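Here the structure comes first, spelled out in structure tokens, and everything after it is commentary.
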Amino acid sequence: MQGVFYMKNPFKFFGIAVLVAAIGLSMAACDTGSTNAGNGLPPAGDGSITFAPGAPPMTFTGVVDQDGNPVNRTMDFTHFLIFREDDEVVADVSLVIPGSEIRLDGDTLNLRLGTPWEELLISASDWWFGGISGISATTGLRVISMDGEGSFHNADRYSLNWMIPPDPDAYDFTSVVFVYANIAGTIRGIGIYQDEYNGWSEVITLNMELRPGWNTVIGTMGPDPILSGRWNLTAVTGRPGEDFVWVLRRWGDD
């Protein structure tokens, strides 16, 4: 399956009823407002984030565990999942993105992302939506993206992801993916991915206004309310609001 946000039984492991968390975010970027590509696409916002070399890490307070409780841990996250065409690869942050820091101190996440090696970027037209008609990308746009199901990982099988806490009884979820772009460009359109073997399909709606450097892409996914066997995925650039929280979980504890 091609897709940044897809997983079997998405977020089944969370069991979160209500989360109350204040997020403090230091972010330097220009805000140009939202743009709409038309043709039924949702508006895309400014999702660029400036990680200046040598600047202090961005600070996110109020990190919670998978039950919605404030965490109190100190740990470094050294790996993440990246998507390269049809595949996902567990990568070492220091090797792929030199100068990065992902550290949890108590319930505060300190995040700095460096510049990925140029040779690791892939053409946006060959990215996870490659081959799906109806979706196009700016010529020359090259990207690398981090998995939104658990953006950062450590050796003890803990992961962190930035998301709106899901309804524990539903399959709908909204999560953030970090996407690095080499130039300003767009990825947009509506297409259908058909899995002939397993008998299901996915309607993919993209509107990404990417700027050079790191961008946040917000993906929402869930089953179609009318058609059985069909999923809907929408992904747009934008700045996560205060309803997004960083969640720490341990794989295998669901």
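Numbers below:
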read-out	value
Lone qualifier among Ser125, Ser133 - being open to solvent by 10 Å² or more (accessible area, probe 1.4 Å), out of contact with any helix residue (DSSP H, G or I) (no Cβ under 8 Å at 6 or more places or on another chain) and part of a loop (DSSP other than H, G, I, E, B)	Ser133
Odd one out for Asn39 among (1) under 20 Å from the mean Cα position of the chain (by Cα); (2) modelled with pLDDT under 90	(1)
Any hit, the range 222-232, residues being under 26 Å from Leu121 (Cβ atoms) and open to solvent by less than 10 Å² (accessible area, probe 1.4 Å)	no
Test for Thr78: is it among the β-branched types (Val, Ile, Thr), modelled with pLDDT of 65 or more and surrounded by fewer than 18 Cβ atoms within 10 Å (Cβ to Cβ)	yes
Close pairs (8 angstrom Cβ cut-off, 6 or more residues apart or separate chains): part of a strand (DSSP E or B) in the range 190-215, at pLDDT below 85 and basic (Lys, Arg) anywhere	Trp200/Arg230; Ser201/Arg230; Glu202/Arg230; Val203/Arg230
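The values are calculated or read from the model by the stated rules, or taken from the named source; none is laboratory data. Because the structure is a prediction, the values reported are computed rather than measured. When we count neighbours, we look across all protein chains shown, and the Cβ atoms used for this are built from the backbone with ideal geometry, even at glycine. Accessible surface areas use protein heavy atoms only, side chains included; no ligands, DNA or RNA. Shrake-Rupley method; radii C 1.70, N 1.55, O 1.52, S 1.80 Å.
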